[in-house]
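Asker: Quick one: the structure is below, and I'll ask about it shortly.
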Amino acid sequence: MPNPAAPRQNGKQLNPEVRKHNFDEVAQIFTKEEALAEANRCLHCKNARCQANCPVGVQIPDFIALVKDGKVGEAASKIMETSLLPAICGRVCPQEKHCEGNCVLKEKFGSVNIGMLERYTADTARKEGLLTTPVCAKSTGKKVACIGSGPSSLAAAAELARAGHQVTVFEALHAFGGVLRYGIPSFRLPREVIDHEIETVKSMGVTFRTDVLVGATETIADLLKEFDAVYVGSGAGLPTLTGIPGENAVGVYSANEFLTRVNLMQAYKFPQTDTPIRIGKRVVVLGGGNSAMDAARCAMRLGPKSVTVAYRRSAAEMPARAAEVEHAKEEGVVFEYLVTPKEVVADETGHVIGLKCTRNELGAPDEKGRRRPVEIPGSEFVMPVDTIIVAIGQKPNPIIAKTTPELKTTERGVLALDEEGKTSMPGVYAGGDIIRGGATVLLAMKDGIEAAKRINQYLQGK
Ligand SMILES: Cc1cc2nc3c(=O)[nH]c(=O)nc-3n(C[C@H](O)[C@H](O)[C@H](O)COP(=O)(O)OP(=O)(O)OC[C@H]3O[C@@H](n4cnc5c(N)ncnc54)[C@H](O)[C@@H]3O)c2cc1C
C-alpha cells in the first residue's frame, strides 16, 4: 500500500564548505532504499496531474510503479518512450513548476520527489547496463538536418530517427549539448551524463558534426539541396548587456563568456587546459535567473573573497529556481536585492574597481505581473568590486536569420512561426530558444518533438 504520509526523501548533498572548492556534483543520487521509500509515496493517480503537466508527457505514475517493483530498466524504458534525456531532465528540469508542482500530495504531505526518482532510474539503469536502444522505424530514405545540438535539436533528432529518417546534427562549437554543456556547470550536470545521453541519440543512427556554423560555413539554402527538411534549434546564445557607461572595462564578463570559459573550456583547470580565466577578489553578478545563479556559484569555486548577486527586484520576483538560490546561499553567495547598476568605475589602467548603483523600491506590476523596480532618489552608492558578470538574459544570434531572408523573425529577433507551427520557409522548422528567446530544457525538448511530428507529415506529403 502506498504511504504518502511518509517523509519526502530529498537525497543527500555535498557539504557546502567542501563543494564550494570543487566542481563535483552537489546533489547525490538516491540510494536504493531512498528510491523505494519515495516511490512508495506515489498514489499512482488515474488522471495523473503530474503527467498532464509534464511538457513532454513522461508517464510518471507508470515509471514510478516500475521503480517500486525493482524494475529499473523497464522504468527507464517507460520514461524514454517520451523523453530521451531522462538523466538530464531529472537534474535540471523545473519540476516545481511542472510535475511536482501539480502532485496531489503537494499541500498535505509534500510532492513526490519525481525529479530525483527520474534521475535514480536513468543513472541506475545506465550503471547496471539495463538501458535498451530505442527502436527506430524502417528507413524512409528521407534526410533531415538539425541545426544546433542543444536539448531541442537532440529531441527533434531522436524523434526523427525513430520515424526512420536519416538525421545529421550540425553544431557550431567543438562539443555537443548546447547550454547543457557550455552554460550549466558540472556540479549540477556532470559532463559524462551529457555524453551518455548524446550516445543514446547516436545509437539511433543520428550523425553528429562539430564546427559547422550554419549561416557562415554553409547556409540553410545549401542544406536544403542535400536534405529534405531542416530543423533550426540554434538557441539564444547572444548575451544581453546592460549598456551602462564603463561596461567595456577589464573585468566585466557576460555570463555567456564567463560560463563558456569555465564549463566548456574548463578554465578552472588552467594551465592544464588552454583557456585562462581571471577572477578578482570581489565579484558581483547582475541578474536573478538561472544563469546568474550558475555564474555566481562558478565564481565562488574560483576562490574570490566574496560573490554578490545584485538583483533589481526583491527575492519574491527572482526567476531562478528556489533550490539554486538556496544552494548559492549555502555556498556563501550574498544577495543584494532592489539594486540597479548605473556605471562601472575603472582605474587609470581600465580595470574595474567599483560599480555605481542606486537602490530601488517596488512599484506597480509590469505587463507580466511582476512589480517594477523604482529608483529611490538620492540612494546612489558604490559597490567595491573588481569582477562584474552580467547575467541579465540572452537572445538569438542573428546569423541564421540574416543569411536566410526567407525566414521571418519577430521584433524580439526570434524566428516567427505560424499557427501551424511552421516557419515562413517551406521545409524549415524551428523550436527551443530560437523561437522562445530563452526558456527551459523541457520546453525546448517539447518543441523539438512537436516539430519532428510536423516534419514527418511534411515528408510524407513530399
Ligand atoms: C546558464 C544557464 C542555465 C540554465 N539552467 C537551466 C535549468 O536549470 N533548467 C532548465 O530547464 N533550463 C535552464 N536553462 C535554459 C535552457 O538551458 C535552455 O532553454 C535550453 O538549453 C534551450 O535549448 P535549445 O536547444 O533551444 O538551445 P541551446 O541549448 O542554446 O543549444 C543551441 C545550440 O546551437 C548551436 N548553434 C547556434 N547557432 C548555430 C549555428 N548557426 N550553426 C550551428 N550551430 C549553432 C549552439 O552552439 C548550441 O550548441 C539555462 C540556461 C542558461 C543560459
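Asker: Given a 1.4 Å probe, how much area per residue of region 381-462 is accessible, in Å²?
Answerer: Ligands and nucleic acids excluded, the figure is 47 Å² per residue.
Asker: So between LYS106 and ALA416, what do we pick up on full extension, going 0.36 nm a residue minus the alpha carbon distance?
Answerer: 107.9 nm
Asker: Lys and Arg at +1, Asp and Glu at -1: add these up for the other residues within a Cβ distance under 14 Å of ILE29 and post the number.
Answerer: Here the charged neighbours net out to -2.
Asker: Students often forget the sequence filter, so: which aspartates and glutamates lie under 12 Å Cα-Cα from LYS368 once same-chain residues fewer than 8 apart are removed?
Answerer: Result set, ordered by chain and number: GLU317.
Asker: Further, regarding this structure: If you average the sequence gap of Cα pairs under 8 Å that are 6 or more apart and divide by the length of region 239-394, what percent do you get for the contact order?
Answerer: Over region 239-394, the number comes to 31 percent.
Asker: Once you list every other residue whose beta carbon is under 12 Å from the beta carbon of VAL390, what net charge do they have if Lys and Arg are +1 and Asp and Glu are -1?
Answerer: The answer is -2.
Asker: If each DSSP helix of 4+ residues adds -39,500 (n - 2.57) and the sum is divided by the residues in the chain, what number results at 222 nm, nearest 500 deg cm²/dmol?
Answerer: -8500 deg cm²/dmol
Asker: Which FRET efficiency value, to the nearest 0.05, is calculated for ASN10 and THR217 with the Förster distance at 41 angstrom and r the Cβ-Cβ distance?
Answerer: 0.35
Asker: Using +1 at the Cβ of each Lys and Arg and -1 at the Cβ of each Asp and Glu in region 118-207, identify which of ALA157, LEU130, GLY178 lies farthest towards the dipole's positive end.
Answerer: ALA157
Asker: Also, quick follow-up: Could you compute the FRET efficiency for THR349 and ASP274, with r as their C-beta to C-beta distance and R0 at 35 Å, rounded to 0.05?
Answerer: 0.85
Asker: Around GLY413, what is the net charge, scoring Lys/Arg as +1 and Asp/Glu as -1 over all other residues with Cβ under 15 Å from its Cβ?
Answerer: +3
Asker: How do the peptides 101-107, 74-80 rank, highest first, by the average count of neighbouring beta carbon atoms within 10 Å per residue?
Answerer: Peptide ranking by packing, descending: 74-80, 101-107.
Asker: Could you tell me the center-to-center distance, by alpha carbons, between region 137-160 and region 388-404 in angstrom?
Answerer: Comparing the Cα centres of region 137-160 and region 388-404, I get a distance of 24 Å.
Asker: Suppose each label sits 7 Å from its Cα in the direction of the beta carbon; what would the ASP69-ALA52 distance come out to in nanometres?
Answerer: Here the answer is 2.5 nm between the modelled labels.
Asker: Next question, about the same structure. Contour minus end-to-end for LYS453 and LYS281, with contour as 0.36 nm per residue of separation and end-to-end as the Cα-Cα distance?
Answerer: In short, 56.8 nm is gained.
Asker: For LYS78, list the aspartates and glutamates whose Cα falls under 20 Å from its own Cα; do not include residues on the same chain fewer than 8 positions away.
Answerer: Within reach: GLU38, ASP62, ASP69, GLU100, GLU118, ASP123, GLU128, GLU159, GLU197, GLU199, GLU450.
Asker: Could you work out how far apart the two model spin labels at ARG370 and LYS329 are, taking each label as a point 7 Å from the Cα in the direction of the beta carbon, and quote it in nm?
Answerer: It is 1.9 nm.
Asker: Would you list MET116, MET1 from the most to the least accessible area, probe 1.4 Å?
Answerer: MET1, MET116
The values are calculated or read from the model by the stated rules, or taken from the named source; none is laboratory data. All figures in this text were calculated on a predicted structure; none of them were measured in a lab. Note: ideal-geometry Cβ built from the backbone for every residue, glycine included; neighbour counts use all protein chains shown. When the accessible area is computed, the model is the full protein with side chains, heavy atoms only, and any ligands, DNA or RNA have been set aside. Shrake-Rupley method; radii C 1.70, N 1.55, O 1.52, S 1.80 Å.
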